[in-house]
1. Got the relative contact order for the stretch 130-252 handy, in percent, Cα pairs under 8 Å and 6 or more residues apart?
2. Can you work out the FRET efficiency for the pair residue 81 and residue 269, with r the C-beta to C-beta distance and R0 = 41 Å, to the nearest 0.05?
3. Once the whole set of protein chains is in place, how much accessible area is left on residue 205, using a 1.4 Å probe, in Å² to the nearest 10?
4. Given 26, 238, 110, which one lies farthest toward the positive end of the charge dipole of the chain, if we put +1 on the Cβ of every Lys and Arg and -1 on the Cβ of every Asp and Glu?
5. Distance between the C-alpha centers of the stretch 87-114 and the stretch 169-237? Whole Å please.
6. Could you sort 127, 163, 330 by their accessible area in this structure, using a 1.4 Å probe and putting the largest first?
7. Using a 1.4 Å probe on the protein heavy atoms only, what accessible surface does residue 183 show? Give it in Å² to the nearest 10.
8. Given an 8 Å cut-off on Cα distances and at least 6 residues of separation, report the relative contact order of the chain as a percent.
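The values are calculated or read from the model by the stated rules, or taken from the named source; none is laboratory data. Just so we're clear, the structure is a prediction, and the values are computed from it rather than from any experiment. Cβ placement follows ideal geometry from the backbone for every residue including glycine, while neighbour counts extend to all protein chains displayed. SASA here: full protein model, heavy atoms, side chains in, ligands and nucleic acids out. Shrake-Rupley method; radii C 1.70, N 1.55, O 1.52, S 1.80 Å.
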Amino acid sequence: MLMMNSKIKSSPLVSPIYNALINLPTPSNISILWNFGSLLGLMLMIQILSGLFLAMHFSANIHIAFESVIHTCRDVNNGWMLRAIHSNGASFFFIFIYLHISRGIYFNSSQLSKTWTSGIIILFLTMGTAFLGYVLPWGQMSFWGATVITNLLSAIPYLGETMVTWLWGGFAVDNPTLTRFFTIHFLLPFILASLIMIHLVFLHESGSSNPLGTPKNNDKIPFHPYFIIKDLLGYSTFLIMFLMLIMYNPYMLNDPDNFIPANPLNTPLHIQPEWYFLFAYSILRAIPNKLGGVIALVSSILILILLILFPPSFHKGFQFYPITQHLFWMWVNIFILLTWIGMKPVETPYVSISQMLTVFYFLMFILLPISQQMWDNLLK
């Protein structure tokens, strides 16, 4: 029996899976904050499965897209639940990904440069997938959100107008736009799954980070059973919360304007994306220049990659640096305030507040390494 088990473990097919899920050496001191990676994997599976079933009943045509969504909710058995799982699943996906990144910043996971860079690419791709999916129901906010966001490409010098026309498939957001958005939205999650596999390969190559924020940690234990049990506890806690939201208030996180069919002749009073894009939308609106706003929008995510360029002294946990800890929590509050400002109309005083918050948002990425360096110098 033991010989048979050893043969199974050493086989070329089973061995990588065994090492990844059972025998992976994992730092013994990682906390529940390290659960969000596995929760994101669970969320991706939920999103892909629910999306496949929704795609069976969706019609990518501007004349019947909205009605096909209503048909799914009203006439398909448990169709309302499928849609609630998929739409609320996107919100939970972003809650987990933001918590996952915040934990990575606090405990300096950016020292694992390959894993960190692949994670930021995954974030970009996830945001693109979520945006395309938001357009598909062809509600009022979906249509106008697509019009505003895709029109940002026109800010690119020389090529902008051509790129917008090519993306729309015409001279306005119309049927070709919806068709290609549905096709790309269907395809991207599978590309995302492949990138996540690469992300995991890099993680297993370097090993997981830990609460001390130290590059090396020799106190490691097998992933199974210790962390599989911890992940299962995280799954059960999440599923309870997720099902409570779906059963009691499935449309709490949805925009009321999106229950109105798209009307190109009637502009909503206040156009805004889903809540998980609001911080970037606030940064976009804070810059008076269109091209400057687009650059600031992209930079608000791209700046996370710069953490891998910080000096070696930065690669320690923030718990060793009191000033840096305060700066980090200030950055978290700035993120929350930018999200809140994004829901407000473009008027005084919200514009000036968003401009100040935008400056502080980017300034934090300069102050964090400087504060750590100063603290290190003070202790020498």
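1. Numbers: 46 pairs, mean separation 21.5, N = 123.
After rounding, I find 17 percent.
2. Numbers: r = 32 Å, r/R0 = 0.77.
Calculated value: 0.80.
3. My reading of the accessible area for residue 205 is about 120 Å².
4. Of the options given, the answer is 26.
5. A separation of 10 Å, based on Cα centres.
6. Correct descending sequence by accessible area is 330, 163, 127.
7. Here the residue's solvent-accessible area equals roughly 80 Å².
8. Details: 414 pairs, mean separation 88.8, N = 380.
Answer for the chain is 23 percent.
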